[in-house]
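The values are calculated or read from the model by the stated rules, or taken from the named source; none is laboratory data. Just so it is clear, the structure is predicted and the values come from calculations on it, not from any experiment. Cβ placement follows ideal geometry from the backbone for every residue including glycine, while neighbour counts extend to all protein chains displayed.
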């Protein structure tokens, strides 16, 4: 089954198969590529109208189209849910095991066509087990308190689906889908929802933290509601600037009298989360230490160390792409992420790793000097704060 990011996970169970998440931002060419890669038996969309033109480009003979509202040209999900339960359900459940593929997540396609990365039940449960193994109850922890999770992230993303959604299920929490976004005109909805839900943790990309800090600085009442039950905050996808980190901490202290743990997880669609900063720090840019069960290998690449990973959370290989799989796994079976890291303190590796850019995006000036894009970008943002929220580093006249 192919599903759009806002679709429900339960939809896949009706077809006793793997769910395939695609991103709404994909154009028709990418969508056709995804369709041909997995050859789905069903496609689920929230509503038909936004997707009619895209669906019209696909060979849909024998493919069921399902929507939440049962709009013209589709089967209503509610009607399918009325199907009587038979012994086939028990048979399907008995068939499931650690190697059963729960879903395929497509990569972003930023470096070529999106690639289907299988996510087995074993991979996904290993991710949650590793993450939960690092959780230590805080002194004021109430064992009867129900986790409240407010999240806007699409389930076509590792953080949104494998970490946030699956993690909430594993802990028996309440998952609130945020209709807001870290975008102008939509973040006000996130603020309203956060003040109402008062979640115990908040996670998003750095752009959302910039909007959050500005909102709390202007509205102390919202600030206090936001921090009223907050235990920790998580960022990922990019490095948080030092200026933004300091602003968030100042707001937390103003509201609660204490700093807030601000942690991060590092990984990829192919690997899920592989490292984590799970302790309080006075700096940003760290990627932390390997999660339980993961093995990292640092390989010299020029003047940097490329990071590679092996473990129960890493995919076995892209679906039907044997040649590409040869390129992304080394001779020892480690997945090559294309990123570089270095030790925060070479004499004390237990203090964790620092992100050191992508080995594939660095470029050389005519002078022969290498430019490390991954480390230069946050330095530019920090030097220009608060006037610059983000930056893109490009080589002159280079693609």
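Give me the residue from the stretch 339-353 that is touching a helix residue (DSSP H, G or I) at 6+ places or on another chain (Cβ under 9 Å) and assigned to a strand (DSSP E or B) and, out of that set, farthest from residue 372 (Cα to Cα). Within the stretch 339-353, the match that is farthest from residue 372 (Cα to Cα) is 343. Number of residues in the stretch 132-142 that are farther than 24 Å from residue 162 by Cα and modelled with pLDDT of 75 or more equals 1.
Among the residues of this structure, residue 319 does not count as one that is in contact with a helix residue (DSSP H, G or I) (Cβ under 8 Å, 6 or more places away or on another chain), under 23 Å from residue 122 (Cα atoms) and not in a loop (DSSP other than H, G, I, E, B).
Against the criterion of being more than 16 Å from residue 103 (Cβ to Cβ), outside any loop (DSSP other than H, G, I, E, B) and touching a strand residue (DSSP E or B) at 6+ places or on another chain (Cβ under 9 Å), residue 281 does not qualify.
Restricting attention to the stretch 261-274, the residues that are under 19 Å from residue 352 (Cβ atoms) and not in a strand (DSSP E or B) add up to 2. At least 1 residues being more than 22 Å from residue 278 (Cα to Cα) is the threshold, and among the strands (runs of 3 or more DSSP E) wholly inside the stretch 141-233 those reaching it are 174-177.
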